[in-house]
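What follows is a set of notes on a single structure, which appears directly below.
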Amino acid sequence: MIHYCMDVPVVTQGKAEYTATLEAFVPTNGLDLPINKQKPAVVIFPGGGYSITYDGEAEPIAMPFVAAGMAAFIVRYSCTPAVFPQALCEGLWAVGYVRDHAKEYGIDPENIATLGFSAGGHLCACTGTLWNQDFLKDYLPGELSHYRPDKMVLCYPVILNHGAHHQGSFDNLLGEKKNDPVLLELTSLEKQVGAHTPPAFLWATSEDDAVPVENSLYFAAKMAEAGKHIEMHIYPHGAHGLCTADYVTRSECAFMEKLTPRAWLDEAIRFCFDKELGA
């Protein structure tokens with residue numbers, strides 16, 4: 001397996017203190033099989049309220065995708081005091097980097113997914129809804145379509161910045177501009193879904209009291225309204241931050257005795273492999 005870590009060289013607003021990294025896990029089993037020349041890839045954004053990137057939503061998530069034959073890339077994107085659009089530019093740059101190196105790593109350049117948890121889910125949804133914004137041309141060279149993910153996997157994502165929302169994520173994401181009406185409109189992502197948005201897989205739990213399930217429901221409804229492919233799983237039990245939803249990242253015995261959403265991982269891997277999804 002190829003494994004390396006590198007800095008993400010995107011800087012917005014004239015600042016140079018950002019320390020985003022991209023960590024790659026690319027399986028190379030040496031067999032001359034078609035799958036090894038056209039692997040799907042997944043670009044992973046851990047959650048953490050735009051204040052940290054949480055370890056439990058990083059390597060423990062990448063490994064099952066690698067075991068299934070995919071290439072996985074973890075983005076440790078810039079968090080507070082970095083503000084929008086720094087993390088978005090880093091996430092899109094990562095998609096473009098994977099596409100640029102697709103032939104080298106045996107990746108299908110037309111099957112690159114972004115995947116994110118909680119605030120990382122917001123970043124993931126940003127890559128699929130905001131990739132065509134003109135202001136990104138100041139930070140990303142070439143055609144913006146080069147940075148568009150082919151699909152999204154949204155895990156208990158932050159979507160709304162009104163109603164049933166997670167205010168802390170937007171405080172960190174927008175900083176001093178957290179009340180700017182233009183940015184609030186732009187970053188409430190159910191409002192940004194359109195014909196340009198790639199297919200999406202969402203999962204959440206009805207018991208999540210940190211990022212309420214309404215975030216996923218609103219986004220799914222707008223995807224359906226736009227005629228876009230959407231798959232959604234709402235599980236009855238489980239608190240926020242389930243990660244793999246099994247003993248790899250959670251150890252609560254009482255939790256494990258209930259019906260768990262562990263199935264999300266297998267379903268998401270299937271979704272990422274599926275080349276028949278409508279774009």
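Overview of values
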{"read-out": "Restraint check, 103/177; 137/191; 137/275; 39/178; 37/228; 222/275, Cα-Cα greater than 32 Å", "value": "103/177; 39/178"}
{"read-out": "5 angstrom amide H check on residue 232, placed H, neighbours 5+ away", "value": "202"}
{"read-out": "Average Cα contact separation per residue, the chain, under 8 Å, 6 or more apart, as relative contact order %", "value": "17"}
{"read-out": "Most mobile listed residue (231, 90, 267) in the chain, GNM with C-alpha springs under 10 Å", "value": "267"}
{"read-out": "Surrounding net charge for residue 170, when Lys and Arg each add one and Asp and Glu each subtract one, Cβ distance under 13 Å", "value": "-2"}
{"read-out": "Net charge over other residues, Cβ less than 13 angstrom from the Cβ of residue 75 (K, R count +1; D, E count -1)", "value": "-4"}
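Taken together, the values in this text are just the output of simple stated rules run on the coordinates, not laboratory data. Only a predicted model underlies this, so the values are computations on that prediction, with no experimental measurement involved. Using ideal geometry, Cβ is built from the backbone for each residue, glycine included, and neighbour counts are taken over all protein chains shown.
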